[in-house]
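Accompanying notes for the structure given below.
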């Protein structure tokens, strides 16, 4: 893979992606609106960066006494639910988003 390119970008160059409604519903409120030309690796990396930022911010608020310890676990769980697409590995994103655009691939015919 060439230096400086996001993961999976060489294989995905020129590909068209269709993000399912469930993904768009989860990504939209977080300010992410991928285009058909945006590879899933880029979207997933951006989502992961946002998630990590929110976790760090929450941890800092806990340390500053702005969040009660008793509430912290529930807040982390709620945040994980909000970022549920991260539970899927990159290969699953690529499969889901490419199947939406092109229909089931050869493996589905198997």
Task: Inter-probe distance in nm under a simple model that places probes 7 Å from Cα toward Cβ, at residue 66 and residue 45 - done: 2.9 nm
Open item on the list: Per 0.36 nm of contour for each residue apart, how much would the distance between residue 99 and residue 33 grow if the chain were fully extended, relative to their Cα-Cα spacing?
Closed with: 21.9 nm
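Bear in mind these aren't lab numbers, they're just calculated from the coordinates by the rules spelled out. Only a predicted model underlies this, so the values are computations on that prediction, with no experimental measurement involved. Glycine also receives a Cβ, built like all others from the backbone with ideal geometry; neighbour counts cover every protein chain displayed.
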